[in-house]
Amino acid sequence: MKLENLTFKGGVHVPHSKELTEKKALEYGKEPSMVYIPLHQHTGAPCEPLVKVGDTVKVGQKIGQSQAFVSAPIHSSIAGTVKEITKITTPTGINSTCIVIESDGSNEISEEVKPKGSLETLSSKEIIEIIKEAGITGMGGAGFPTHVKLSPPPDKKIDTVILNGAECEPFLTSDHRLMLEMPDKVVFGLKAIMKALNVKNGFIGVETNKMDAVSALESIIKPEDNIKIVTLQTKYPQGDEKRLINAVTGRVVPSGGLPMDVNCVVNNVSTAKAIAEAILEGKPLYERVVTITGNGVKEPKNLIVKIGTLFGEVIEQCGGFNETPGKVIMGGPMMGLSQFSIDVPVIKGSGGILVLTEKETLAEKVSPCIKCGKCLEVCPVKLQPLFISAYALKKDFEGSEKYGALDCVECGACSFICPAKRPLVESIRFSKREILAKRKKS
């Protein structure tokens with residue numbers, strides 16, 4: 001049975017803007033002479049350094065670790081000498097300890113990097129331990145440690161695994177190229193996740209604007225694999241995990257709930273590829289595919305970049321800026337994070353570097369809400385963004401919470417569709433922070 005053209009209720013059709021890089025094959029970025037590797041690149045506890053200034057390290061060597069369950073170890077992306085251990089602000093805005101390593105040019109691989117076995121010989125626990133030791137986190141943006149996601153409580157009986165290949169964010173094509181050029185690793189990673197969870201049903205969700213990727217994946221899957229390719233309507237935010245679950249299975253994750261509450265686990269296709277490399281090659285997560293794109297950069301590309309490489313260096317490998325940039329964003333224009341500097345490092349969650357021109361980032365005039373209801377129609381969570389925002393702007397956070405502010409996924413669909421150009425998602429995000437801060441205090 002084929003599952004075709006599935007979707008969820010709500011959402012918006014945004015300009016794809018993927019033509020800049022969707023036909024650009026993956027390339028390896030230049031080896032950085034210096035990397036700046038933060039010890040907090042994930043949801044959960046930050047790592048503590050395992051090295052000191054003056055130490056020599058190799059590619060793939062573990063350099064940071066935490067004893068906390070919700071965390072992920074950090075590995076060196078180059079071979080060289082630890083020059084400094086200092087504090088930096090990461091692209092996510094976190095103030096983190098950072099290990100600065102100067103390359104010696106040898107690219108010597110650590111002895112720890114070696115194949116771990118086959119899916120036939122590895123147990124579920126062994127697969128999860130390999131994933132943990134490789135420092136693999138969700139690579140779709142949230143950065144949640146993957147071994148935690150694959151260790152649900154005993155009362156949560158997972159029966160479905162979904163790989164997210166929707167990549168609905170405009171401009172970004174890193175997942176698309178990965179599915180097209182490395183479909184074998186994506187499928188292997190999915191099989192590893194299924195075995196880790198003892199699950200028989202696996203799905204890979206891909207939007208209909210990536211049918212070449214669908215064909216590439218189908219060429220790898222065998223009839224006995226219990227894996228189905230699901231084609232999804234090209235609509236934003238189709239890649240949100242709860243919307244993806246709803247489209248593929250019809251299940252609805254409850255308010256405040258997690259995918260495991262409806263017996264599902266969702267992982268990004270890039271995460272699956274990293275899992276495959278961890279098992280087949282023993283390779284920790286020390287590099288990733290990054291889409292460098294936008295009208296503000298001369299030569300948009302899809303590059304495989306070492307973690308810790310500065311944004312500025314990566315942009316320079318794409319010919320540099322066309323003009324003075326209006327904005328540099330980690331990720332896409334809908335949910336990405338604007339950067340205060342290009343002297344910040346690529347981290348595990350850096351799927352894209354988007355450079356917009358000054359003209360593209362000019363602020364539009366905000367006018368009063370006309371109660372058109374468009375934000376209600378497009379909200380994928382079925383909230384009422386205009387009321388949540390109105391309360392937030394009055395700093396009435398109890399009112400915002402009453403209207404479901406904490407259920408907002410911050411997709412930006414409401415702000416995109418609003419004819420009055422109201423700061424809907426920005427004010428809701430502000431409200432969420434205040435509500436959570438108040439809860440933490442009490």
Determine which member of the set Ile78, Ile162 is open to solvent by less than 50 Å² (accessible area, probe 1.4 Å) and either at positive phi or touching a helix residue (DSSP H, G or I) at 6+ places or on another chain (Cβ under 6 Å) (or both).
Ile162
How many of the residues making up segment 369-380 are open to solvent by 80 Å² or more (accessible area, probe 1.4 Å) and either on the phi > 0 side of the Ramachandran plot or basic (Lys, Arg) (or both)?
2
What are the pairs with Cβ atoms under 7 angstrom where one residue, in segment 109-130, is more than 14 Å from Gly60 (Cα to Cα) and the other, located anywhere, is of a type outside the set (Gly, Ala, Ser) and open to solvent by 90 Å² or more (accessible area, probe 1.4 Å)? Sequence gap at least six, or different chains.
Ser124/Asn198
Determine which member of the set Val366, Val355 is aliphatic (A, V, I, L, M), within 21 Å of the chain's Cα centre (by Cα) and either loosely packed, with under 14 Cβ neighbours inside 10 Å or not in a loop (DSSP other than H, G, I, E, B) (or both).
Val355
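Matching residues to (1) of a type in the set (Lys, Arg); (2) touching an Asp or Glu at 6+ places or on another chain (Cβ under 7 Å); (3) open to solvent by less than 60 Å² (accessible area, probe 1.4 Å):
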| position | (1), (2), (3) |
| --- | --- |
| Glu108 | no, no, no |
| Lys114 | yes, no, no |
| Glu126 | no, no, no |
| Ala134 | no, no, yes |
| Thr137 | no, no, yes |
| Leu150 | no, no, yes |
Looking at segment 325-349, which of the residues that are assigned to a strand (DSSP E or B) and not β-branched (Val, Ile, Thr) is least open to solvent (accessible area, probe 1.4 Å)?
Pro345
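Quick grid of which residues meet (1) assigned to a strand (DSSP E or B); (2) at pLDDT 95 or above:
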position: Cys98; (1), (2): yes, yes
position: Lys114; (1), (2): no, yes
position: Glu126; (1), (2): no, yes
position: Met139; (1), (2): no, no
position: Gly143; (1), (2): no, no
position: Asp155; (1), (2): no, no
position: Asn164; (1), (2): yes, yes
From the list Thr43, Thr7, which one is hydroxyl-bearing (Ser, Thr, Tyr), within 19 Å of Asn164 (Cβ to Cβ) and under 20 Å from the mean Cα position of the chain (by Cα)?
Thr43
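Is it fair to say Lys210 is under 25 Å from Lys9 (Cβ atoms) and assigned to a strand (DSSP E or B)?
Details: under 25 Å from Lys9 (Cβ atoms): yes; assigned to a strand (DSSP E or B): no.
No; evaluated as a whole, the condition is false for this residue.
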Conditions (1) closer than 16 Å to Pro152 by Cβ; (2) surrounded by fewer than 20 Cβ atoms within 10 Å (Cβ to Cβ): number failed by Leu197:
(2)
Restricting segment 221-238 to residues that are out of contact with any Leu (no Cβ under 9 Å at 6 or more places or on another chain) and part of a loop (DSSP other than H, G, I, E, B), the residue that is surrounded by the fewest Cβ atoms within 10 Å (Cβ to Cβ)
Lys222
Could you grab me the full set of residues in segment 239-281 that are outside any helix (DSSP H, G or I) and open to solvent by 40 Å² or more (accessible area, probe 1.4 Å)?
Gly250, Arg251, Val252, Pro254, Ser255, Gly256, Leu258, Asn263, Glu281
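The values are calculated or read from the model by the stated rules, or taken from the named source; none is laboratory data. In this text the structure is predicted, and so the values were computed from the model without any measurement. Using ideal geometry, Cβ is built from the backbone for each residue, glycine included, and neighbour counts are taken over all protein chains shown. Remember, those area values only see protein heavy atoms, side chains included, never the ligands or the DNA or RNA. Shrake-Rupley method; radii C 1.70, N 1.55, O 1.52, S 1.80 Å.
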